[in-house]
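Here's the structure we're looking at; comments come further down.
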Amino acid sequence: MNKNDIERFWSKVDKSGTCWIWKAAIQNKGYGQFWLDYRMQLAHRISYEIHFGMFHGNLMHKCDNPLCVNPSHLIKGNQSDNLMDMFRKNRQVKQDGENGPRAILTEENVLEIRKLRNEGKTNVELGKLYSVHPGTISKAFTGKNWSHV
């Protein structure tokens, strides 16, 4: 990396706050990207390299901001460290209920199903009504699934 690359890099950074925010290309996971050596590279890794030298391991953001390139907010860590940090800070993706990747029913559906089951409708009848397996109705009704509703 030469002086021009470094100047070009910093021209894309807003240093006005404690997090130095990347203002250029962003990848689909929310991390900044910088074109260097004929390929896109993660901006926070370039910042780390400018300040501390080349590092081939994993880096973590202490600030939890994927657009931050402040080297004082970056620490070395492996995937296990990153997962423990995520759980400690309660940043894990919530995938229960409607947020689940395979969810068919909505919370409103589940409330209706419970009401209709209490009124005497069967799992089979409700399964046909909601286009799901009767077992799905049973689990929604009993709270085995959708226990948060």
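The values are calculated or read from the model by the stated rules, or taken from the named source; none is laboratory data. Nothing here was measured: the structure is a model prediction, and the numbers come from that model. Cβ coordinates were reconstructed from backbone atoms using ideal geometry, including for glycine residues, and neighbour counts include every protein chain displayed.
Looking across segment 71-86, the residues that are outside any strand (DSSP E or B) and more than 18 Å from Lys23 (Cα to Cα) come down to Ser72, Gly77, Asn78, Gln79, Ser80, Asp81, Asn82, Leu83, Met84, Asp85, Met86.
What number of residues within segment 62-101 satisfy the criterion of being of a type outside the set (Lys, Arg), touching a helix residue (DSSP H, G or I) at 6+ places or on another chain (Cβ under 6 Å) and at pLDDT 85 or above? Count: 4.
Arg45 - would you say it is of a type in the set (Lys, Arg) and in contact (Cβ under 8 Å) with a residue 12 or more places away in the chain?
Numbers: of a type in the set (Lys, Arg): yes; in contact (Cβ under 8 Å) with a residue 12 or more places away in the chain: yes.
So Arg45 fits the description; yes.
Only a single item in (1) exposed (fewer than 14 other Cβ atoms within 10 Å of the Cβ); (2) in contact with a strand residue (DSSP E or B) (Cβ under 9 Å, 6 or more places away or on another chain); (3) in contact (Cβ under 8 Å) with a residue 24 or more places away in the chain is not met by Phe55, and it is number (3). Looking only at segment 42-70, count how many residues are of a type in the set (Gly, Ala, Ser) and outside any loop (DSSP other than H, G, I, E, B). Residues meeting the conditions: 2.
Tell me, yes or no, whether segment 29-41 has at least one residue that is in a loop (DSSP other than H, G, I, E, B), among the hydroxyl-bearing types (Ser, Thr, Tyr) and closer than 20 Å to Gln79 by Cα. Within segment 29-41 (the criterion being in a loop (DSSP other than H, G, I, E, B), among the hydroxyl-bearing types (Ser, Thr, Tyr) and closer than 20 Å to Gln79 by Cα), the answer is yes, since at least one residue qualifies. Here Ile104 fulfils each of the conditions (1) of a type in the set (A, V, I, L, M, F, W, C); (2) over 16 Å from the mean Cα position of the chain (by Cα); (3) outside any loop (DSSP other than H, G, I, E, B) apart from (3). Residues considered: Asn65, Asn70, Asn90, Asn58. Of these, the only one that is polar (S, T, N, Q), closer than 25 Å to Lys15 by Cβ and within 16 Å of the chain's Cα centre (by Cα) is Asn65. Close Cβ contacts (under 6 Å, 6 or more residues apart or on different chains) running from residues in segment 21-38 that are among the charged types (D, E, K, R) and surrounded by fewer than 17 Cβ atoms within 10 Å (Cβ to Cβ) to residues that are assigned to a loop (DSSP other than H, G, I, E, B) and at pLDDT 95 or above comprise Lys23/Lys12. The residue pairs whose first member lies in segment 102-123 and is closer than 15 Å to Ser147 by Cα and modelled with pLDDT of 95 or more, whose second member is of a type in the set (Asp, Glu) and surrounded by 12 or more Cβ atoms within 10 Å (Cβ to Cβ), and whose beta carbons are closer than 8 Å, counting only pairs six or more residues apart or on different chains, do not exist in this structure.
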